[in-house]
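Remarks on the structure that follows.
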Amino acid sequence: MTSTADTAPLAQTLALLGLHGLEAAELLQLLLHFTVLSMLAVGGAITTATDMHRYLVQEQGWLNDTEFNASIALAQAAPGPNILFVALLGLHSAGVAGVVLAMLGIMLPSSAVALVVGRLRRANREAVALRAFTAGLTPLTLGLLVSTGWVLTAPTRSHWGTWALLAVTVALNVRTRLSPMWLIALGAVAGMLGLVG
C-alpha cells in the first residue's frame, strides 16, 4: 500500500502534464481555433494575438491578461522563433496537450499553404494579380500588428507613463537610427521604475 507522500510527486508531475481541467471537446476547440487563426496569420502568428486574447482570456477564461501578456513577452525575449508564444499560451491553457494542439493548429495549415504558394509564386513571379495580392497584404499586416499592440497594452493603457513611453519610442524610431534594442531597454527601465502602469 502506498502512502499519500509517495504519490505526491506523481500527482505533481501529472498536474504539470495535465489538461488544466479541460475535456476532449475543449481541446478540439483549441486545436480548431488555432487552425483557423493559422490561415489568418498574415505577417506571422503575432498578428493574430488579438483574437487569441479574445478566445483564451475573454471567451474561455483559461488565462488572464497578465498570463497572456507574460507568455508573449517571455517568448519574444527568448532566443528562437517568435511563434514560441503560441506554445506558452497552449501550455498555460491546457498543459502539454495544449502546447501540442496549439502548435499543430497554428503551424500545419499555414505551412502547407506557404509551400504551395511559394511554388506558385516562383512559377508566376511577374503576374500582376500576384503582385497586387502581395501589395494588399502590407496594410492588412500593419493593421493586425496595431490591433495586437492595442490588446497587449490594455493593462497599462490608462497610465500616463505608457503614453509618454509610446510617444518617446515613436519619436526616436522616426527621427533616429537607434537600435530597437535600446528602446526595449528603455521600456524595461521605465517598467522597473514604476513609470508605466
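All of the numbers you see were taken from the coordinates with simple rules; none came from a lab. Quick caveat: nothing in here was measured; it's all calculated off a predicted structure. Here the Cβ is made from the backbone with ideal geometry for all residues, glycine too, and neighbour counts use every protein chain on show.
Using Cα centres only, tell me the gap between the range 27-42 and the range 49-108 in whole Å.
12
Could you give the DSSP H helices of the chain that reach 15 angstrom or more along their long axis (alpha carbon positions) and whose average Kyte-Doolittle hydropathy is no lower than 0.5?
Working: long enough: 4-17 (19 Å, 0.84); 24-40 (25 Å, 1.61); 65-77 (18 Å, 0.22); 84-123 (42 Å, 1.61); 128-152 (37 Å, 1.42); 160-175 (22 Å, 1.11); 180-192 (18 Å, 1.71).
Helix filter hits for the chain: 4-17, 24-40, 84-123, 128-152, 160-175, 180-192.
What nm distance separates the two modelled labels at residue 171 and residue 185, each placed 7 Å from Cα along Cα→Cβ?
2.0
Compute for the chain: radius of gyration divided by Kirkwood radius, i.e. Rg/Rh, restricted to C-alpha atoms, rounded to two decimals.
1.06
Around residue 61, under 14 Å between beta carbons, what's the net of Lys plus Arg minus Asp minus Glu among the other residues?
-3
With labels modelled as points extended 7 Å from the Cα through the Cβ direction, what inter-label distance (nm, one decimal) is found for residue 192 paired with residue 24?
5.0
Using a/c under 1.5 as the rounded threshold, could you call the range 156-197 rounded, prolate or oblate? The axes a ≥ b ≥ c are square roots of the C-alpha gyration tensor eigenvalues, and prolate needs a/b larger than b/c, oblate otherwise.
Cα axes put the range 156-197 in the oblate bin.
Stretched out fully, how many nm does the piece from residue 146 to residue 129 gain, at 0.36 nm a residue minus the Cα gap? Walk me through the numbers before you get to the answer.
Working: separation 17, 0.36 × 17 = 6.12 nm, distance 2.66 nm.
Extra length available between residue 146 and residue 129 comes to 3.5 nm.
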